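This report refers to the structure that appears directly beneath it.
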Amino acid sequence: MSAAPVPPDADPAWLHALRNAVNAATVAVAAARSALESDDPGRAGFFLEESAGACRRAAQLLHARPERHVNAAPERG
């Protein structure tokens, strides 16, 4: 999978939070898969819930995407 292009107006803090949420979801899904392969459905369920939470955080960030100019520091003059 290749990385999607980053919009030039993406706020760095927002982008960092979005990447963290997506990474957390990815790791949790991998952990759930490992738990299922180890025949541990309870642990798999825990990690699936973790993944769902991370996906919700990512969705919230995407729905509330700030414009960079809103978060930019005022220009000094």
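The values are calculated or read from the model by the stated rules, or taken from the named source; none is laboratory data. These numbers were taken from a predicted model, which means no experiment stands behind them. Every residue, glycine as well, gets a Cβ built from its backbone with ideal geometry; the counts of neighbours run over all protein chains shown.
Please specify each residue of segment 45-65 satisfying the condition of being over 18 Å from Val27 (Cβ atoms) and modelled with pLDDT of 95 or more.
Gln60 - this is the single residue of segment 45-65 that is over 18 Å from Val27 (Cβ atoms) and modelled with pLDDT of 95 or more.
Taking the conditions exactly as written (of a type in the set (A, V, I, L, M), at pLDDT 95 or above and either exposed (fewer than 14 other Cβ atoms within 10 Å of the Cβ) or under 15 Å from the mean Cα position of the chain (by Cα) (or both)), does Val6 satisfy them or not?
no
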